[in-house]
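As structure tokens, the structure follows; a few thoughts come after it.
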Amino acid sequence: MSILSGYNLSTSPFLLTGFPGLEQFYYWIAIPFSSIYAIILLGNCLILHVIRTEPSLHEPMFYFLAMLAFTDLCMGLSTIHTVLGILWKFSHEISLDACIAQTYFIHGLSCTESGVLLAMSFDRFIAISNPLRYTTILTNIKVVQVGLIILLRSALSILPVIIRLKFFHYCRHHILSHSFCLHQDLLRLACSDIRFNSFYALALVICTLLLDSLLILFSYILILHTVLAIASQEERLKSLQTCISHICAVLVFYIPIIGLTMVHRFGKHLSPLVHVLMGNIYILFPPLMNPIIYSIKTKQIRIRIQRVFFFRRD
């Protein structure tokens with residue numbers, strides 16, 4: 001009898017958590033969240049459209065920006081059905097297979113975005129240190145190769161832990177902590193041996209997110225060293241201004257990750273609402289802010305977007 005009940009529990013769907021204590025306000029909360037997702041989808045599609053249709057933007061810096069926009073677009077698409085499904089009260093349930101698939105895309109896309117930000121930092125270093133040889137060093141073939149390496153690293157590195165999730169026995173109550181599926185959330189509900197997943201996930205974070213952040217920091221040390229060697233103060237400021245958008249994108253990506261990690265590690269006494277809010281910030285803030293940052297701070301993108309909206313030719 002106990003085996004049968006355990007089997008039924010293990011194969012039952014998972015329940016996603018919305019905003020605890022605010023269930024009566026879900027329709028009101030759904031309006032700003034729907035607006036956020038609309039901005040994510042339209043903003044990143046607009047960035048991709050502008051880069052694709054404008055020949056003057058066909059250079060490495062904007063190819064990497066297109067990779068970032070596509071990654072953010074996919075992140076929005078991977079969570080929109082569960083987040084808005086809860087808030088509009090369509091469904092709170094998700095099957096194990098769908099949950100594992102969403103976990104794969106969320107963590108894989110986070111790894112991809114980290115890799116793209118790293119590539120963009122070295123792109124800025126090459127552009128500042130070797131401006132005359134910039135396009136000869138970063139040819140289209142090399143940009144494609146870098147993109148494929150980033151994609152393969154993200155797609156393959158997390159497969160071992162994702163595949164194992166399918167074969168775990170989930171004997172605890174199937175209530176997830178967020179409105180989407182995360183690897184650490186599924187581990188919390190598993191009654192199988194999760195040591196490999198725990199150690200592998202920690203090693204993966206160190207080898208990807210932490211290493212990428214350190215390499216980004218190192219690239220900016222090199223950039224600063226190069227800029228300080230420039231005699232003209234005006235040229236120094238001009239060189240640094242080309243990095244502002246990227247610095248903002250890096251902060252927008254890593255600060256929510258650090259915040260969510262701190263909440264999971266040290267905030268067990270906090271309200272579940274805090275965990276849910278931090279989880280949604282981690283998922284939605286970078287895809288929301290990156291198109292806004294690059295639309296405002298990057299002159300070439302800003303001018304092309306104005307042409308799109310106001311039908312301007314100049």
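The values are calculated or read from the model by the stated rules, or taken from the named source; none is laboratory data. Every value quoted in this text rests on a predicted model; they were computed, and no experiment measured them. Glycine gets a Cβ as well: all are built from the backbone with ideal geometry, and neighbour counts include every protein chain shown. Just the protein is used for accessible areas: all its heavy atoms, side chains included, with ligands, DNA and RNA removed. Shrake-Rupley method; radii C 1.70, N 1.55, O 1.52, S 1.80 Å.
Before moving on, here are some points about what is shown:
- DSSP-assigned coil residues among chymotrypsin sites (Phe, Trp or Tyr not before Pro) in segment 129-224, each with at most 14 further Cβ atoms within 10 Å: Phe167
- For the chain, the fraction of 1.4 Å probe accessible surface lying on carbon and sulfur atoms is 72 percent.
- For the chain, the relative contact order comes to 27 percent (Cα pairs under 8 Å, sequence separation of at least 6).
- Theoretical FRET efficiency, 1/(1+(r/R0)^6), r = Cβ-Cβ of Arg195 and Glu54, R0 41 Å, to 0.05: 0.20
- Per residue solvent-accessible surface (Å²) - segment 224-307, probe of 1.4 Å: 56
- The gain in end-to-end length when the Leu42 to Arg133 segment is fully stretched comes to 29.3 nm, 0.36 nm per residue minus the alpha carbon separation.
- Derived from the Cα gyration tensor, the three semi-axes of the equivalent ellipsoid of segment 196-314 are 34, 23, 12 Å, largest first.
- Globularity index of segment 92-195 is 1.48 (Cα radius of gyration / 2.2 N^0.38 Å, N = number of residues).
- Distance between modelled label sites at Ile149 and Phe25, nm, 7 Å Cα→Cβ extension: 4.8
- Stretch gain in nm, segment Lys89-Glu235, where the contour uses 0.36 nm per residue and the Cα spacing is subtracted: 47.1 nm
- Loop trypsin sites (Lys or Arg not before Pro), segment 96-179 (other Cβ atoms within 10 Å of the site Cβ: 14 or fewer; DSSP): Arg172
- Pairwise Cα inverse-distance average, inverted: Kirkwood Rh of segment 83-140 (Å): 14.8
- Estimated Rh, segment 23-305: Kirkwood, alpha-carbon pairs, angstrom: 20.3
- At the residue level, Phe285 shows approximately 80 square angstrom of accessible surface with a 1.4 angstrom probe and all protein chains present.
- Estimated purely from DSSP H runs of n ≥ 4, each contributing -39500 (n - 2.57), the mean residue ellipticity at 222 nm for the chain is -25000 deg cm²/dmol once divided by its residues.
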